[in-house]
Amino acid sequence: MAIATSTENFTDKFRQIGSVPTLPTAATRALAIVNDPNCSIKDFAKIVETDPALATSLLKLVNSSFYGGNSKTSDIHQAIVRLGLRETQNLILAVSVRSVFRWMPKGQEAERDRLWRHCSLTGVISRQINEKLGLGFRGEEFSAGLSHDLGRIMLAVGYPDVFSKLANEKTTDESQLLILEQQMLGFTHPELGGWLTTMWNLPDELTEAIQYHHEPARAPKYAVLASIVSLAEEMANYMEATKSAEGIDLSNNPGWAFMCAQWEAVDNLDADLFATAVMTDALPEAEALSILSGE
Ligand SMILES: [Fe+2]
Ligand SMILES: [Fe+2]
């Protein structure tokens with residue numbers, strides 16, 4: 001898909017500094033193969049096993065209580081059987097996105113951990129929104145939520161001075177961040193994130209959801225997915241700022257507005273009750289993903 005900004009600039013920039021973050025090869029292969037109807041669990045397990053770090057993190061997640069780890073396994077094949085291919089794919093992406101955080105410069109550890117909590121929480125809230133509204137996504141919403149702020153990691157890698165200035169603002173209001181980014185850089189983190197996932201050849205829907213997560217109605221093909229992420233991100237920021245799952249006002253959220261305009265049933269929902277249920281039910285999985293924090 002076409003990226004609005006000049007992708008050339010980003011490519012040159014990251015080449016110059018010699019650090020274009022890549023997805024682990026095993027992750028790229030595992031993410032590609034899962035859509036192949038002939039893909040067997042055995043093939044999939046083989047790919048995961050070629051990357052010991054990926055395999056270890058995956059087992060750690062599978063053995064956590066959230067993913068039903070009552071009977072512990074150290075066997076990747078068994079772990080995939082337990083999770084199913086789709087869910088394994090989701091968790092591989094989670095582990096891979098987490099590994100990209102390592103590219104953030106020294107001195108940004110606190111911000112890195114905060115950003116990971118924000119991204120993982122946005123991912124699990126996206127999953128709850130999808131489930132509760134019956135939107136029919138099968139994990140794409142989790143992946144999109146989880147990776148929506150990859151552009152902010154890339155800011156830290158490529159533009160560390162601007163990144164620390166923005167981090168010092170300590171704001172959870174991302175529309176404010178976008179204005180500052182535009183002023184300081186002439187582009188924003190959703191554009192940079194979209195460039196990265198295009199370069200990684202991730203599916204268009206993921207790139208669109210990332211690129212348009214602050215203005216979902218402008219997404220050419222995947223506005224619903226972008227809307228889920230927009231809503232999830234606002235909820236995640238709210239939970240981080242207030243430590244509460246109650247009292248959020250969704251009336252200015254562009255993702256919520258898009259979905260209300262799209263479906264009467266959503267428009268008729270009690271927004272307060274819906275938001276509280278989503279945020280409360282997202283917490284256990286967010287807790288499970290925090291296992292990856294120290295990776
Ligand atoms: Fe965000
Ligand atoms: Fe964002």
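The values are calculated or read from the model by the stated rules, or taken from the named source; none is laboratory data. All values reported here derive from a predicted model rather than from experimental measurement. Every residue, glycine among them, receives a Cβ derived from its backbone with ideal geometry; neighbour counts consider all protein chains shown. To get the accessible areas, we keep the full protein, side chains included, count just its heavy atoms, and leave off ligands, DNA and RNA. Shrake-Rupley method; radii C 1.70, N 1.55, O 1.52, S 1.80 Å.
May I ask you to list the residues in the stretch 85-134 that are open to solvent by less than 50 Å² (accessible area, probe 1.4 Å) and free of Cβ contacts under 8 Å to residues at least 40 places away in the same chain?
Those that are open to solvent by less than 50 Å² (accessible area, probe 1.4 Å) and free of Cβ contacts under 8 Å to residues at least 40 places away in the same chain: 91, 115, 119.
Among the residues of the stretch 160-202, which ones are in a loop (DSSP other than H, G, I, E, B) and under 21 Å from residue 99 (Cβ atoms)? Can you show your working first?
Step one: list which residues in the stretch 160-202 are in a loop (DSSP other than H, G, I, E, B), which gives 169-173, 186-188, 200-202.
200, 201, 202 - these are the residues of the stretch 160-202 that are in a loop (DSSP other than H, G, I, E, B) and under 21 Å from residue 99 (Cβ atoms).
Residues in the stretch 145-162: is at least one of a type outside the set (S, T, N, Q), within 23 Å of residue 62 (Cα to Cα) and either more than 12 Å from the chain's Cα centre (by Cα) or within 16 Å of ligand 2 (Cβ to nearest atom) (or both)?
yes
For residue 82, state whether it is outside any helix (DSSP H, G or I), open to solvent by 50 Å² or more (accessible area, probe 1.4 Å) and closer than 28 Å to residue 47 by Cβ. Can you show your working first?
Numbers: outside any helix (DSSP H, G or I): no; open to solvent by 50 Å² or more (accessible area, probe 1.4 Å): yes; closer than 28 Å to residue 47 by Cβ: yes.
Judged against the criteria, residue 82 is not a match.
Condition (residue is of a type outside the set (A, V, I, L, M) and at pLDDT below 85) applied to the stretch 78-86: is it met by at least one residue?
So far as the stretch 78-86 goes, yes, one or more of its residues are of a type outside the set (A, V, I, L, M) and at pLDDT below 85.
Does the stretch 209-232 hold any residues that are within 16 Å of ligand 1 (Cβ to nearest atom) and among the charged types (D, E, K, R), and which are they?
215 - this is the single residue of the stretch 209-232 that is within 16 Å of ligand 1 (Cβ to nearest atom) and among the charged types (D, E, K, R).
Across the stretch 155-191, what is the number of residues that are among the hydrophobic types (A, V, I, L, M, F, W, C), surrounded by 15 or more Cβ atoms within 10 Å (Cβ to Cβ), within 21 Å of residue 209 (Cα to Cα) and free of Cβ contacts under 8 Å to residues at least 40 places away in the same chain?
Here the count works out to 3.
Run down 230, 251 and say which single residue is free of Cβ contacts under 8 Å to residues at least 60 places away in the same chain and under 18 Å from residue 127 (Cβ atoms). Walk me through how you get there before you give the answer.
On the way: 251 fails: under 18 Å from residue 127 (Cβ atoms).
It is 230.
For the stretch 14-70, what are the residues that are open to solvent by 60 Å² or more (accessible area, probe 1.4 Å), assigned to a loop (DSSP other than H, G, I, E, B) and either in contact (Cβ under 8 Å) with a residue 60 or more places away in the chain or within 27 Å of residue 105 (Cα to Cα) (or both)?
Hits for the stretch 14-70 are 17, 18, 22.
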